[in-house]
Amino acid sequence: MSNRRRSKRHPSLLPLAAAAAVLVIGGGAFALSGHGGGTQPTGSANAAAGDAAATTSVTTGAATGGPAPSGTHSGSAAASASASAAAGASAKASASASSSTSSAAGATHGTTTTASGGSAGLPATRVFTGLAFDTCTAPGLSTMNAWHSASPYGAAAVYIGGANRGCAQPQLTAAWVASVHASGWQLIPLYVGAQPPCQTSSNPERISATNAGSLGASDGSDAARRAAALGMHRGSALYLDMEAYDTTNSSCVQAVQTYVQAWDRAAHAAGYWAGFYGFSKSSANAIASAAAAGTADLPDALWYARYDGNADTTTGFPWSASLWSGHRRGHQYAVNLHETYRGSALTVDRDAWNGPVAVIG
């Protein structure tokens, strides 16, 4: 993801998906057949290892201050040349991105519906289906308004806290959350908690075998408090950012799992859904393996980073289809893309979303 931006391999330009829809459901509406999201590693040297083929960045949208055609994309000739070598993505990349355009409708933000239920004991949540983006620092209101009117995105991820959060967040206040939500955005709260003991990084907060349970509990409670202070109510899904690490290290895997379980229990105790962001070849895979084995207290929703260019949550899903089924997935499929809409530019990661988000208002 985009917390403390680092170099990533960049996916080629892909056609953007079309409409977005929003659904409010009861906690019990998700059949928790498995257990069980992302942003970017906080300095992990091996964060993207194995999760993507060679990829490239692009510039999207109009660079002028005037209205931009919704979904118009342009990239450099060098970018398109690199894209032609990207595994699994070349068929989707333009042969000459600098001279091509692709028409995609701006986001249709859909409607909300309510469904009762609650066998899982959690409050009702809001589910968003469509395209989302994540970026390091929450953008200003003018940028959010410009992107809402012209971009294909209907949701945005924001870093709400955590000792390892690497991005300044001067915009991220309760007033900002209320304003962007009132304009039509759905928000995906992300918490950069403690990181694995075997991870190569400079993160100040680390999990250990001795502190995993207590630290997970305190961080999960902190995530809930921070979400509440921003106006993200009970029933919101909070996503724990767990960056890549050496999952061949069994003691490290166990420490992370203990931390995640404690974090999830604390989020649930406060009335929040527990989500998880991780990489498909490492951190997310370890959680998926535990879920397949029937381990308790694992995330309700999974946001996985796999840079395969598939703008959905089913194509290429690397685990059993029964895991996190029923609107409980997010897929970060492209990273570090430079996009401009109505004169407002951001560097973003792209996400296909079919899962719970924040409950606001």
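Observations on the structure shown:
- Taking the criterion of being of a type in the set (Ser, Thr, Tyr) and within 19 Å of residue 283 (Cα to Cα), the only residue of region 326-361 that qualifies is 333.
- In region 318-345, the residues that are open to solvent by less than 10 Å² (accessible area, probe 1.4 Å) reach residues that are basic (Lys, Arg) with C-beta atoms within less than 7 angstrom, at least six apart or across chains, in these pairs: 331/306; 333/306; 333/350; 334/350; 335/8; 337/350.
- Residues located in region 311-347, provided they are within 22 Å of residue 227 (Cβ to Cβ) and of a type in the set (A, V, I, L, M, F, W, C): 324
- Any pair with Cβ under 9 angstrom, 6 or more apart, that starts in region 269-281 at a residue that is part of a loop (DSSP other than H, G, I, E, B) and ends at one that is open to solvent by 10 Å² or more (accessible area, probe 1.4 Å) and basic (Lys, Arg): 270/225; 270/234; 271/234; 272/234; 280/306; 281/306
- If you go through region 275-297 and keep only what is in contact with a helix residue (DSSP H, G or I) (Cβ under 8 Å, 6 or more places away or on another chain) and more than 18 Å from residue 243 (Cβ to Cβ), you end up with 295, 296, 297.
- Answer from 301, 288 - the residue that is farther than 30 Å from residue 182 by Cα and open to solvent by less than 10 Å² (accessible area, probe 1.4 Å): 288
The values are calculated or read from the model by the stated rules, or taken from the named source; none is laboratory data. Here the structure is a predicted model, which is why all the values come from computation and not from measurement. Glycine also receives a Cβ, built like all others from the backbone with ideal geometry; neighbour counts cover every protein chain displayed. We work out accessible area using only protein heavy atoms, side chains counted, and drop any ligands, DNA or RNA first. Shrake-Rupley method; radii C 1.70, N 1.55, O 1.52, S 1.80 Å.
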